[in-house]
Amino acid sequence: MEAIDQLQRHYMMLTLGVGEIQPCIDWAIERLELNQEGDDLDVILLAAATVLEEASPLAHTILERYKGPEALDKQLAAGKYVASLRPLYLSGAESIESLNGKFTKLFVSLGYPNWLVMLSRNCEYATDVDAFREPFEQEFEYIADLWGKARTLTEFEAAYSREVSNTHDAKYC
């Protein structure tokens, strides 16, 4: 099951605009090399794919078959991705500037979800205005914590409060 989770992570990063197709192809090649996929034609075709247009629908089909349609939820994938970025930010491997580009891509790719408004805004503002660093960090901690605990979009939405996000603003600090 861990192997299909790897494919899911790679594919969802691709659909969010922050990943590449090659890791999906490499996943299929590895599965075949280890003889762990039997005669699964979709995995064979994915391993043989050379371009996004060939590989993407195959990865989608494989994930839907093995994990169900909920495995393709872009908001859940984006939330888990945001949660994975927080430790990188705290360690210095990511900066406000590098996160700004990633959050902006996610925000647009997801169609401007409510839960990403304050995080994206504060990150953008914090690149130029020091007064937004603390509100950004508060919102990042809040959102990453919620997504880290949530197993589904529904769980996240039940825990998320826009009112809490609204308190992560420079005027409250």
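Structure summary
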read-out: Surface/4 of the Cα convex hull for the range 36-135, nm²; value: 8.6 nm²
read-out: Tally of Lys pairs whose C-alpha atoms are under 22 Å apart, taken over the chain, 8 or more apart or cross-chain; value: 9
read-out: Dipole moment magnitude, nearest 20 debye, the chain about Cα centre, only Lys, Arg, Asp, Glu C-beta charged; value: 440 debye
read-out: Estimated 222 nm signal from helices in the chain, with DSSP H stretches of n ≥ 4 weighted -39500 (n - 2.57), rounded to 500; value: -22500 deg cm²/dmol
read-out: Mean separation of Cα contacts under 8 Å (6+ apart) over length of the chain, as relative contact order %; value: 19 percent
read-out: The range 5-16 - phi-based ³J(HN,Hα) in whole Hz, Karplus 6.51/-1.76/1.60, Gly and Pro as x; value: 5, 5, 4, 4, 4, 4, 5, 5, 5, 4, 5, 8
read-out: Using θ = phi - 60° and Karplus 6.51 cos²θ - 1.76 cosθ + 1.60, couplings along the range 38-52 (whole Hz; Gly, Pro as x); value: x, 9, 5, 4, 5, 5, 4, 5, 5, 4, 8, 5, 10, 9, 3
read-out: Dipole-positive endmost among Thr61, Gln8, Trp147 within the chain (Cβ charges, Cα centre); value: Trp147
read-out: Residue-by-residue Karplus 3J(HN,Hα) for the range 63-77, coefficients 6.51, -1.76, 1.60, Hz, glycine and proline x; value: 5, 5, 5, 8, 10, x, x, 5, 5, 9, 6, 5, 5, 4, 4
read-out: Net charge contributed by nearby residues that have their C-beta within less than 13 Å of Glu124 (K/R +1, D/E -1); value: +1
read-out: Listed values (i) 0.98; (ii) 1.04; (iii) 1.16, entry calculated as Cα Rg over 2.2 N^0.38 Å; value: (iii)
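The numbers here are math on the coordinates, done by the rules we state, and not lab data. If you're wondering where the values come from, they're calculated on a predicted model, not measured in any experiment. Counting neighbours? That spans all protein chains shown, and the Cβs are built from the backbone with ideal geometry, glycine included.
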